[in-house]
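One structure is given here, and the rest of the page talks about it.
The values are calculated or read from the model by the stated rules, or taken from the named source; none is laboratory data. Here the structure is a predicted model, which means the values were calculated and not measured. Methodologically, a virtual Cβ is constructed for each residue, glycine included, from the backbone with ideal geometry; neighbour enumeration extends over all protein chains shown.
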Amino acid sequence: MMIVLSDAELAAFTRDGFVRVEQAVPAHTVQDCVEVIWAELARQGIDRHDPATWSDPVVRINCPEGGPFVEAGTAPPLGRPTTS
């Protein structure tokens, strides 16, 4: 049986409703996800380099699927447990 969370992490999850997993996704994958999100925002007229275009308090985009998001969601610390 694979132990996924330590006792401290489980207690934090119970208390806070989330748990932080350090270095769960490689930095290059995170950066690729950021680029996809900024591209989606640009389609709505939001320029990452122009804060004047950040006027709406909330901007919704469709949940990106595929590409780096698959890699992020299935990174070893987050995806299916592996067997030894």
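Which residue, of 60, 48, 43, is touching a helix residue (DSSP H, G or I) at 6+ places or on another chain (Cβ under 7 Å), among the basic types (Lys, Arg) and without any contact (Cβ under 8 Å) to a residue 40 or more places away in the chain? Residue meeting the stated conditions: 48. Filter segment 14-36 down to the residues that are of a type in the set (A, V, I, L, M) and not in a loop (DSSP other than H, G, I, E, B), then identify the one that is nearest to residue 71 (Cα to Cα). Within segment 14-36, the match that is nearest to residue 71 (Cα to Cα) is 30. Just one residue in the set 11, 39 is farther than 21 Å from residue 71 by Cβ and of a type in the set (A, V, I, L, M, F, W, C); that residue is 11.
For segment 56-68, the criterion of being farther than 23 Å from residue 19 by Cα, modelled with pLDDT of 85 or more and more than 20 Å from the chain's Cα centre (by Cα) is met by at least one residue. In segment 13-29, the residues that are in contact (Cβ under 8 Å) with a residue 40 or more places away in the chain reach residues that are among the acidic types (Asp, Glu) and surrounded by 10 or more Cβ atoms within 10 Å (Cβ to Cβ) with C-beta atoms within less than 9 angstrom, at least six apart or across chains, in these pairs: 21/9; 25/71; 26/71; 29/71.
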